[in-house]
Amino acid sequence: MKNRSSAFFSHAGLPKHLSWGYLGVLIFMMGDGIEQGWLSPYLIERGLSLEASAALFTVYGITIAISSWFSGVLAETYGARKTMFYGLLLYLLGTVGFVGLGIPDLNYPVMLVTYAVRGFGYPLFAYAFLVWITYSTPKEQLGRAVGWFWFVFTGGLNVLGAYYSSWAIIEFGHISTLWTSVFWALIGALFALVLNKYTKLERKGADSKMKDLMKGITIMRDEPKVLLGGIVRVINTTAQFAFPVFLPLYMAEHGFNTTEWLQIWGTIFTGNIVFNLIFGFVGDRVGWRNTVIWFGGVGCAISTLLFYYSPVFGNSNFWIVMAAGTLWGALLAGYVPLSALVPSLVREDKGAAMAVLNLGAGLPVFVGPLLVGVFYQLIESEGVIWLLAGLYLLSAFLTRFITLPNNAKTM
């Protein structure tokens with residue numbers, strides 16, 4: 001039975017020694033994703049201005065980006081488990097302040113500070129675990145292992161969190177639903193930090209913590225290919241955070257109501273989490289770089305345009321638009337092998353390389369909306385779509401230069 005279990009984990013590409021950690025990240029991210037689909041409209045309905053709500057989420061996005069950047073080097077310097085624990089503490093502190101002190105009376109200064117603190121939480125928890133994976137997984141399995149990470153990360157944040165909250169806000173109310181995120185964060189931490197007994201990468205034993213922290217900056221100078229990987233990672237999900245700003249309005253012009261749009265958006269990421277796994281396998285088979293270039297960069301450029309024009313050539317048919325959007329979501333997962341490729345560029349300092357990659361994962365939270373804000377009035381929705389498609393092609397071009405040392409096989 002034990003041999004059969006080991007064979008299953010090996011074949012699936014899921015590192016058995018970290019399996020409790022994967023489950024913990026899934027549950028933690030479900031708690032973090034509880035408010036994604038409804039918090040802004042809820043606050044505006046209660047009297048917060050649109051501008052104040054936008055500022056709240058902008059500050060939140062900035063702290064996510066900063067925390068994402070530091071997560072890699074902190075995990076390498078202090079240990080993944082300790083970094084994840086610090087992330088849990090910041091998440092709980094921010095949540096208690098935001099829900100308990102800020103929201104009840106709409107105390108905006110308190111909301112601004114505490115939601116920003118909350119934003120430091122999940123990147124330290126989740127991305128430190130991703131560093132743990134890259135250090136403790138054999139290279140031939142790494143593409144699938146990071147595929148599993150993005151499966152549980154996105155599945156918790158964008159799928160389970162949304163489905164759970166759609167039920168919970170009816171049963172418990174909005175504020176009580178936010179309080180339940182504390183429960184889910186603690187359950188996730190129980191699995192990832194207590195039941196997960198694996199101890200490798202508890203600390204590298206660096207002589208200078210400050211020197212190690214600075215590696216998150218200096219590695220971009222010393223290893224330009226790591227910087228390229230970070231830029232490609234920013235492009236990866238920029239559209240994901242840009243689309244919700246203007247596509248609902250565009251879809252409404254073609255007869256789609258809010259409920260239909262949310263169904264399309266939810267289905268996109270249900271498909272995305274499945275393909276996070278699939279492209280982990282594909283990357284290990286056909287090459288990490290090839291997968292990012294053709295499925296991620298070129299595939300997303302084409303499917304972005306298909307998604308936008310699908311209401312036109314499909315005569316506003318719901319299922320045609322759904323299919324085009326799901327194709328885009330599936331190909332978005334073509335960037336998954338980037339999490340295996342970039343840390344493999346360096347023999348040491350994988351945490352610093354992951355810090356750059358994690359910064360690239362955090363920046364789109366406000367880069368996407370910023371692009372829309374800057375260009376929408378100038379080139380309208382059609383121009384923004386072509387801009388995003390062009391960025392995807394740029395990412396494919398840049399990835400051609402991300403080759404492993406000694407011309408190791410990346411295809």
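The values are calculated or read from the model by the stated rules, or taken from the named source; none is laboratory data. The structure displayed is predicted, hence computed values, not measured ones. Cβ atoms come from the backbone with ideal geometry, glycine included; neighbour counts cover every protein chain shown. Protein only, heavy atoms only, side chains kept; ligands, DNA and RNA dropped before computing areas. Shrake-Rupley method; radii C 1.70, N 1.55, O 1.52, S 1.80 Å.
At a glance:
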quantity	calculated
The stretch 185-225: number of residues that are modelled with pLDDT of 95 or more, under 30 Å from residue 334 (Cβ atoms) and surrounded by fewer than 18 Cβ atoms within 10 Å (Cβ to Cβ)	0
Top-ranked residue of the stretch 84-116 - restricted to ones that are closer than 15 Å to residue 43 by Cβ and among the hydroxyl-bearing types (Ser, Thr, Tyr), ranked as least open to solvent (accessible area, probe 1.4 Å)	115
Residues of the stretch 326-359 classified as modelled with pLDDT of 90 or more and in contact with a Ser or Thr (Cβ under 7 Å, 6 or more places away or on another chain), total	7
Boolean, residue 277 is open to solvent by 60 Å² or more (accessible area, probe 1.4 Å), on the phi < 0 side of the Ramachandran plot and modelled with pLDDT of 80 or more	no
Selected residue (only one of 76, 35 is closer than 20 Å to residue 359 by Cα and either modelled with pLDDT of 95 or more or open to solvent by less than 20 Å² (accessible area, probe 1.4 Å) (or both))	76
Within the stretch 311-322, tally of residues that are open to solvent by 30 Å² or more (accessible area, probe 1.4 Å) and in a helix (DSSP H, G or I)	5
Top-ranked residue in the stretch 67-113 [being touching a residue at least 60 places away in the same chain (Cβ under 8 Å) and not in a helix (DSSP H, G or I); ranked as nearest to the chain's Cα centre (by Cα)]	79
Of all residues in the stretch 117-140 being surrounded by fewer than 22 Cβ atoms within 10 Å (Cβ to Cβ) and in contact with a Ser or Thr (Cβ under 8 Å, 6 or more places away or on another chain), the one that is modelled with the highest pLDDT	117
Options 325, 287; residue that is farther than 30 Å from residue 134 by Cα and open to solvent by less than 10 Å² (accessible area, probe 1.4 Å)	325
Considering residues of the stretch 141-160 that are of a type outside the set (A, V, I, L, M, F, W, C) and more than 14 Å from the chain's Cα centre (by Cα) only, the residue least open to solvent (accessible area, probe 1.4 Å)	143
Among the residues listed as 305, 359, 331, the single one being surrounded by fewer than 21 Cβ atoms within 10 Å (Cβ to Cβ) and assigned to a helix (DSSP H, G or I)	305
Residues that are open to solvent by 30 Å² or more (accessible area, probe 1.4 Å) and in a helix (DSSP H, G or I), drawn from the stretch 43-63	44, 45, 50, 51, 54, 55, 57, 58, 59, 62
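Each row is one residue, and each column tells you yes or no for (1) closer than 20 Å to residue 380 by Cα; (2) modelled with pLDDT of 90 or more.
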{"residue": "227", "(1), (2)": "no, yes"}
{"residue": "232", "(1), (2)": "no, yes"}
{"residue": "237", "(1), (2)": "no, yes"}
{"residue": "256", "(1), (2)": "yes, no"}
{"residue": "281", "(1), (2)": "no, no"}
